[in-house]
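The values are calculated or read from the model by the stated rules, or taken from the named source; none is laboratory data. These numbers were taken from a predicted model, which means no experiment stands behind them. Because the Cβ atoms are built from the backbone with ideal geometry, glycine has one as well, and the counts that use them run over all protein chains shown.
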Amino acid sequence: MASVYIPVQNSEEEVRVSLEQLPRDASDILDILKAEQAPLDLWLVIAVLKTVSVLQFFDSRFREYFKQGKIEQFRQILEEGSSPEIDEYYADVKYERIAILNALGAYYSYLGKVETKQREKDDHFILATQYYNKASRIDMHEPSTWIGKGQLLLAKGDLDQASAAFKIVLDDNRDDNRDNVPALLGQACVLFNRGRYSDSLELYKRALQVHPNCPASVRLGIGLCRYKMGQFEKARQAFKRALQIQKMLRLLWPLESWICKQMKAADETWKGMEKMQKAFEIYPYCAMALNYLANHFFFTGQHFLVEQLTETALAVSSLGLMKSHSYYNLARSYHSKGDYEKAGMYYMASVKECNKPHDFVLPYFGLGQVQLKWGDFRSSLSNFEKVLEVYPENCETLKVIGHIYVQLSQTEKALEVLRKATKIDPRDAQAFLELGELLIQSDAGAALDAFRTARGLLKKNGGEVPIELLNNIGVLHFERGEFELAEQTFREALGDGVWLSFLDGKVHSPPVDSDASSRQYNDLQFFRRLEEEGTPVDLPWDKVTTLFNHARLLEQLHDNEKASILYKLILFKYPDYIDAYLRLAAIAKARNNTQLSIELIGDALKVNDRCPNALSMLGTLELKSDDWLKAKDTFRAAREATDGKDSYATLALGNWNYYAALRSEKRGPKLEATHLEKAKELYTKVLVQHPSNFYAANGAAVVLAEKGQFDVSKDIFTQVQEAASGNIFVQMPDVWINVAHVYFAQGHFALAYQNCLRKFYYNTDTQVLLYLARTHYEAEQWQDCKKTLLRAIHLAPSNYTLRFDAGVAMQKFSMFTLQKTKKTADEFCICSVTEENTIDFECRAFDALYVPVRSTVAELKNAVRVFSQLSTASSLHYHGFDEKKIETHVGYCKHLLDAAKVHHEAAEREEQQNRQRLELARQVNLAEEARRKAEEQRKLQLEKRKQEDLLKQVRQQEENFKRVKEQWRSTEPASKRKERSQMEDEDGRGEKRRRKGGKRRKRDKKSRYEMGETEGDMMDGEMEDDDAYMNNEDDGNRINDQEDDRADNNAQVLAAAGLEDSDAEDDAGAPSSNINRRRRAWSESDDDEPSVRQLEASPTRENSAEFPGSDGEA
Amino acid sequence: MKLAGLKSKENAHEESIWAATWVPATESRPALLLTGSLDETVRLWRSDELELQVTNTGHCLGVVSVAAHPSGVIAASASLDSFVRVFDVDTNATISTLEAPPSEVWKMQFDPKGTILAVAGGGSLSIKLWDTATWKLVATLSVPRPEGSNKPADRSGSSKFVLSVAWSPDGKRLACGSMDGTISIFDVARAKFLHHLEGHFMPVRSLAYSPVDPRVLFTASDDTHIHIYDAEGKSMIGAMSGHASWVLSLDVSPDGAAVASGSSDRTVRLWDLNMRAAVQTMSNHTDQVWAVAFRPPGGTGVRAGRLASVSDDKSISLYDYS
């Protein structure tokens, strides 16, 4: 029986205090000690036997007191022993006092270590520090004090200082301190915590060498180092040895089983679990074992057990890290059950317990996940970044961080992180997927690559490729114009289903009754019938998008039929899918089926009456069917539906204003200006919102051009043109045309029109052909002009305006050649005089003279025919021509024919003379010429016959006209204009045309890009022209005027406005009565100009502004 | 069912070629290809070499349509000046010049027996029927205006302007396509309008009856679609899409199993009628394809199927159809 003897002062007797029977009240012993003035070491013996180390003290003595529940007493004794009185009394007893102080320091360190409340923890640590400092003051060099300080610092987590403290001990060369075991152990612990496991191991080993019988904890340390270094087998040996030394079952069983787990063998795991359970049985309150058990049950899915176990663990454990594990387990359990609130709470608790991510990083990850779920991206990000600090190469974490950056729209960072993730693990499909999604916005090509890699990886792993991925790949192919690949991908994505039979053309859309009144009913009927026939008509929800995209692709491939069926299928199953309605409506619109299109839009609006896309489209359709006011309202509604954010609606309103400016029937310059200003304002608004909107830029440039600022507008057009090329979804032929217009207006007759014709309209746009014809006309290339117009007629047979223009071109041509012929005839005379001898030349010259006349006559006949046809047609249809004007043309052509006749006769006369001259020449010439001469003659005769034939035809023709004319005359007094003298006509013309050339151009320019001025000032130059010429000139303008005139019928409405103009002109000039009449005809043709205005080239613009919105399904 | 390019004749005309048809073989010669162009000429070509046989002049303005009599002896050509010239194929002698002002002339076709020439009358909203013996106008079949659309404000482009005609193989029915996309069916014997077929809303420039089924009518429209109608039952059997631009012309193969079409998208497509899908796309032309024509069977020892196409690019292409 251990007991302590306290010597009685001044005697040999000793008071014996049995250790087992320590007085209940420590003060009793204190009293004894005080009374007897016991040597100080006895003070300590009561509490502490001389110990090698503070650790030892805990293990033996303190525990004894602890076990006996007498901590308070112990503390009391020690504190008494370190009180100032004792210091005084035992001032010369250094070592023992230090020991007492160190014991107290160690005691408070321990308290601080196990205390969970931060404040009290700090208090304890402060007390401990005080005691150690006191001890240090007694002796600076006492190693045990340093060791104690090191332990304290270690407990506080201050690794550097702790290390320094241990180092002081170890570096002290006095005794054998170099091998001071507690210092070695402390230093090893520091190194272990710093992750320098091999160094730590070295120190443990040294400690073991110095002190082979050291406590099991040394072996435990060795085992842990080995374990951390991945040497599981050796670690296990170390643990086993530790077990042999000391039955630390509750600590070691779990560790061993954990190792087994790490060794990744299934049976080992079970063995490990068995051990764990054994440990649990041996010591049911070991927190670690509880945690590991809980961990195990988490993986086996027994969440109830997990919670119970961890709660017990929490209750029994006071160690921060252990608690942290427990909280983590709990949190994980809730997390997997989807109870994010509780999970988040426990993760938070867990994080709080462990403080340092390096100790236990998992709860940070979990917390990050939960916060991500809550949408708290910043906190989440910071947690994941902590994880990343510990494991900088962790792919999962990188991916999550990338994802968060995406959410925070820090694309650059996200890209960087994800790229790193894919680089670290090039087989992580998920990372590629995320990367691809991120790249879609910026770099479609790279995105496609990433997606394809992901697909490849998924396929290689035998996993199912998600339909979304395939869909995205398909869309990217689609956007890059790789339609075949896109189709393959979509098909792969869609897999098997009813759509296949549509796609492969096995099932066709149903026969439609020609009336097609019950469209919807029909579609429903069709799919129902299919169902009845046993074909399941199913469409899983996750395939709708892909199916829609596939249909879009089919549309792009012009297979609208199949696309329509797919859209209808979507609608059959998902009647709320607005986009499908819109696409169907767009298809119907493209086919000019406005009625159906409006119906479909109506259906779409039934689903959502504020859908801006549907409203915009409805507006366009209403505009198409000439319902101006309605269209404006609809566009307004569309704009409101998106709070003005949808640029299409704003743009459409801008266009609307632009048209309105040009359309206004009584061309009020003020109204026009207001509309233009409004249009410009709207375009600018869109441009402010979206600085790269092609259409708005185009519109703004058009307005600028309207205002005559050609250079600026040209710049803009060119920029838009450049930007628009190279995108398959955006095609802007309008901008090409507009550029051409500007060039034209500036007098450069470029071939820009021809280019846009080829590039965009498959040569099917008569409007552009007209522009082209106009350029030819301006360049006086009559034949080209005529051919171009004929092509246009062929394309648009019912457009009579084109015929009129063709007639004008032919008339113009004839006039031109007749004039030239006259000149040539003169030249010919000279030629023939001067170069009598060269018969060949003469023949050629004759041909040159003759052929044009012949073609002129033919052309004139055509012109007359065209005009007279128009005249008759006008009785059948209304097509906007003034009969009088046509009549004028016929008259003029006829008159030209007369002229041609004169030419003919002249030519004939010439021929006669020629022949005589030739005859002479031949007589002079030798007989060897005779053969050739005969040939010539034959030729000449042949020609003469033809000529006569022609003349005869001409005469017949004239009679025809007269007949036709008689018909018209019945309503109209006879015109006098045909009595124009031909000579007069010809004299002035050449010169005047030249004089007027520039002017006319200028005026045309105006008619195209009206600048809002009155035209009066431009007329002056033309006033003094003689009538015939005026008419003619006027016709020249007419062709320009009619160019854009698709709705020629407006001329009638506009007549009133036109009369004002003519009045103004009357004031300006002083026309004779004869001229007056003609002038009216002329000014009326000027009146047609407004109709040009309203249908400038720009109307094409709005049509091409397709719906960008419905494309981007991806 | 496929097409194989045989021969392509570049610059066959000086200008865009707008019309083509096969003149059936006679006892003395095989079938010839007849083409008409914007250059105002009509040319005859010997197959398979596409050797120019003869050039007919005399038209003013572009030649928009050519038609051949089933006997192969006579043919007709029409131009934008609204004259129809009927001529002897072998001698090129003018037999008659037809004119019915103010009616224009667009597509025309001889009836299967060869007694009547039907001419699409454009703005006159009618088909003119000419007796091929007397060359007199025997009937005018007018397309009734839909009620309520008589108003003059009707835009010039959307009227019932008649563009194309087609005879049913039994010669009893006549179909015409118009600018606004409606198709009108006439009973020829009674000179009576029967009904409209609806579905197109853009110009129908070409239509053709199936040679094997007198009820089935194929139509080509600017809306890029080819429709298949039951012309008697007034219903649309189906639609085929695939062309990127206007479908300008179509022809049905003599076996009735395929349709060929030419389009503004510069391609010629061959459609399988069972699959109702394009089985082949020929893109040898560089401009819009204005006419396609299958060679009628018959003639001395010629069994092989031939398809000809002509285009704005001034070329003629000949394909083997098998």
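Filter segment A:472-510 down to the residues that are farther than 17 Å from A:LEU566 by Cβ and within 14 Å of chain B (Cβ to nearest Cβ), then identify the one that is surrounded by the most Cβ atoms within 10 Å (Cβ to Cβ).
Among residues in segment A:472-510 that are farther than 17 Å from A:LEU566 by Cβ and within 14 Å of chain B (Cβ to nearest Cβ), the one surrounded by the most Cβ atoms within 10 Å (Cβ to Cβ) is A:GLY481.
I need the full set of residues from segment A:379-403 which are in contact with a Ser or Thr (Cβ under 7 Å, 6 or more places away or on another chain), assigned to a helix (DSSP H, G or I) and farther than 16 Å from A:MET348 by Cβ, in order please.
Step one: filter segment A:379-403 for residues in contact with a Ser or Thr (Cβ under 7 Å, 6 or more places away or on another chain), giving A:384, A:387-388, A:391.
Of the ones still in play, those that are also assigned to a helix (DSSP H, G or I) are A:384, A:387-388.
Result: A:LEU388, single match.
Do we have B:GLY238 as within 9 Å of chain A (Cβ to nearest Cβ), of a type outside the set (Val, Ile, Thr) and farther than 20 Å from B:ALA278 by Cα here?
no
Could you tell me which numbered condition B:LEU197 fails, if it satisfies all but one of (1) farther than 26 Å from B:ASP320 by Cα; (2) touching a strand residue (DSSP E or B) at 6+ places or on another chain (Cβ under 7 Å); (3) surrounded by fewer than 21 Cβ atoms within 10 Å (Cβ to Cβ)?
If we test B:LEU197 against (1) farther than 26 Å from B:ASP320 by Cα; (2) touching a strand residue (DSSP E or B) at 6+ places or on another chain (Cβ under 7 Å); (3) surrounded by fewer than 21 Cβ atoms within 10 Å (Cβ to Cβ), just (3) comes out false.
Determine, yes or no, whether B:ALA189 is within 7 Å of chain A (Cβ to nearest Cβ), assigned to a loop (DSSP other than H, G, I, E, B), among the hydrophobic types (A, V, I, L, M, F, W, C) and without any contact (Cβ under 8 Å) to a residue 24 or more places away in the chain. Show your work before the answer.
Numbers: within 7 Å of chain A (Cβ to nearest Cβ): no; assigned to a loop (DSSP other than H, G, I, E, B): yes; among the hydrophobic types (A, V, I, L, M, F, W, C): yes; without any contact (Cβ under 8 Å) to a residue 24 or more places away in the chain: yes.
No.
Tell me whether segment B:32-55 contains one or more residues that are more than 14 Å from chain A (Cβ to nearest Cβ), of a type outside the set (Asp, Glu) and closer than 20 Å to B:ASP111 by Cβ.
yes
Determine, yes or no, whether A:ASN613 is surrounded by 24 or more Cβ atoms within 10 Å (Cβ to Cβ) and away from chain B (no Cβ under 14 Å). Before you say what the answer is, go through the steps one by one.
On the way: surrounded by 24 or more Cβ atoms within 10 Å (Cβ to Cβ): yes; away from chain B (no Cβ under 14 Å): yes.
Here the answer is yes, as A:ASN613 does meet what is asked.
Could you tell me whether A:TRP656 is modelled with pLDDT of 75 or more, part of a helix (DSSP H, G or I) and either more than 24 Å from A:THR620 (Cα to Cα) or not acidic (Asp, Glu) (or both)? Give the steps one after another, and end with the answer.
Values: modelled with pLDDT of 75 or more: yes; part of a helix (DSSP H, G or I): yes; either more than 24 Å from A:THR620 (Cα to Cα) or not acidic (Asp, Glu) (or both): yes.
So A:TRP656 passes the test.
Evaluate segment B:136-143: report whether one residue or more is of a type in the set (S, T, N, Q), within 18 Å of B:PRO70 (Cβ to Cβ) and surrounded by fewer than 19 Cβ atoms within 10 Å (Cβ to Cβ). Before you say what the answer is, go through the steps one by one.
Keep residues of segment B:136-143 that are of a type in the set (S, T, N, Q), which gives B:140, B:142.
Next, only the ones that are within 18 Å of B:PRO70 (Cβ to Cβ) stay: none.
No, because not a single residue in segment B:136-143 is of a type in the set (S, T, N, Q), within 18 Å of B:PRO70 (Cβ to Cβ) and surrounded by fewer than 19 Cβ atoms within 10 Å (Cβ to Cβ).
Looking at this structure, is B:LEU117 among the aliphatic types (A, V, I, L, M), buried (at least 22 other Cβ atoms within 10 Å of the Cβ), in contact (Cβ under 8 Å) with a residue 40 or more places away in the chain and not in a loop (DSSP other than H, G, I, E, B)?
Details: among the aliphatic types (A, V, I, L, M): yes; buried (at least 22 other Cβ atoms within 10 Å of the Cβ): yes; in contact (Cβ under 8 Å) with a residue 40 or more places away in the chain: yes; not in a loop (DSSP other than H, G, I, E, B): yes.
Yes; evaluated as a whole, the condition is true for this residue.
What's the total number of residues in segment B:88-101 that are surrounded by fewer than 20 Cβ atoms within 10 Å (Cβ to Cβ) and under 27 Å from A:LEU795 (Cα atoms)? It would help to see each step written out before you state the result.
Our first condition is that a residue be surrounded by fewer than 20 Cβ atoms within 10 Å (Cβ to Cβ); within segment B:88-101, this holds for B:88, B:90-97, B:99-101.
Pick out the ones that are also under 27 Å from A:LEU795 (Cα atoms) and you get B:97, B:99-101.
So the count comes out to 4.
Consider only pairs whose beta carbons are under 8 Å apart and that are at least six residues apart or on different chains; among these, list those whose first residue lies in segment A:529-551 and is more than 15 Å from A:ALA563 (Cβ to Cβ) and in a helix (DSSP H, G or I) and whose second residue is at pLDDT 80 or above and hydrophobic (A, V, I, L, M, F, W, C).
Listed by first residue and then by second, the contacts come to A:ASP542/A:ILE467; A:LYS543/A:ILE467; A:LYS543/A:ALA493; A:LYS543/A:LEU494.
Quick check on segment A:476-485. Is at least one of its residues modelled with pLDDT of 80 or more, among the aliphatic types (A, V, I, L, M) and farther than 30 Å from A:TYR364 by Cα? Don't jump to the end; show me each part of the working.
Taking segment A:476-485 as the starting set, the residues that turn out to be modelled with pLDDT of 80 or more are A:476-485.
Add one more test, that the residue is among the aliphatic types (A, V, I, L, M), and what stays is A:476, A:485.
Cutting the leftovers down to farther than 30 Å from A:TYR364 by Cα gives us A:476, A:485.
So far as segment A:476-485 goes, yes, one or more of its residues are modelled with pLDDT of 80 or more, among the aliphatic types (A, V, I, L, M) and farther than 30 Å from A:TYR364 by Cα.
Are any of the residues in segment A:477-484 part of a helix (DSSP H, G or I) and closer than 19 Å to A:LEU569 by Cβ? Steps first, answer last, please.
Pass one, segment A:477-484, residues part of a helix (DSSP H, G or I): A:477-479, A:483-484.
Applying the additional criterion that residues be closer than 19 Å to A:LEU569 by Cβ yields none.
No, there is no match, as no residue in segment A:477-484 is part of a helix (DSSP H, G or I) and closer than 19 Å to A:LEU569 by Cβ.
A quick yes/no check of all residues on (1) of a type outside the set (Asp, Glu); (2) out of contact with any Lys or Arg (no Cβ under 9 Å at 6 or more places or on another chain); (3) assigned to a loop (DSSP other than H, G, I, E, B); (4) over 21 Å from A:ALA796 (Cα atoms):
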{"site": "B:GLY5", "(1), (2), (3), (4)": "yes, yes, no, yes"}
{"site": "B:SER8", "(1), (2), (3), (4)": "yes, yes, no, yes"}
{"site": "B:LEU44", "(1), (2), (3), (4)": "yes, yes, no, yes"}
{"site": "B:HIS59", "(1), (2), (3), (4)": "yes, no, yes, no"}
{"site": "B:SER77", "(1), (2), (3), (4)": "yes, no, no, no"}
{"site": "B:VAL86", "(1), (2), (3), (4)": "yes, yes, no, yes"}
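Give me the residue from segment B:192-202 that is at negative phi and facing another protein chain (nearest Cβ under 8 Å) and, out of that set, modelled with the lowest pLDDT. Don't jump to the end; show me each part of the working.
Step one: list which residues in segment B:192-202 are at negative phi, which gives B:192-198, B:200-202.
Narrowing further to those that are facing another protein chain (nearest Cβ under 8 Å): B:195-198, B:200-202.
Numbers: B:HIS195: 90, B:HIS196: 89, B:LEU197: 89, B:GLU198: 85, B:HIS200: 89, B:PHE201: 88, B:MET202: 89.
Out of the qualifying residues, it is B:GLU198.
If we keep just the residues of segment B:262-289 that are at the interface with chain A (Cβ under 9 Å from one of its Cβ atoms) and of a type outside the set (S, T, N, Q), which is surrounded by the fewest Cβ atoms within 10 Å (Cβ to Cβ)?
Checked segment B:262-289; the qualifying residue surrounded by the fewest Cβ atoms within 10 Å (Cβ to Cβ) is B:MET275.
Failed condition for B:LEU6, given (1) surrounded by 21 or more Cβ atoms within 10 Å (Cβ to Cβ); (2) touching a residue at least 24 places away in the same chain (Cβ under 8 Å); (3) over 14 Å from the mean Cα position of the chain (by Cα), with all others met?
Just one mismatch for B:LEU6, condition (1).
Mind counting the residues in segment B:88-114 that are of a type outside the set (S, T, N, Q) and outside any loop (DSSP other than H, G, I, E, B)?
5
Please verify whether A:LYS606 is within 26 Å of A:GLN595 (Cβ to Cβ) and surrounded by 15 or more Cβ atoms within 10 Å (Cβ to Cβ), treating the condition exactly as stated.
The answer is no for A:LYS606.
Hey, any hits in segment B:97-120 for a residue that's over 28 Å from B:ASP213 (Cβ atoms), within 14 Å of another protein chain (Cβ to nearest Cβ) and hydrophobic (A, V, I, L, M, F, W, C)? Give the derivation first.
At the first step, the residues of segment B:97-120 found to be over 28 Å from B:ASP213 (Cβ atoms) are B:97-105.
The next check asks that each one be within 14 Å of another protein chain (Cβ to nearest Cβ); those that pass are B:97, B:99-105.
Pick out the ones that are also hydrophobic (A, V, I, L, M, F, W, C) and you get B:100, B:105.
Scanning segment B:97-120 turns up at least one residue that is over 28 Å from B:ASP213 (Cβ atoms), within 14 Å of another protein chain (Cβ to nearest Cβ) and hydrophobic (A, V, I, L, M, F, W, C).
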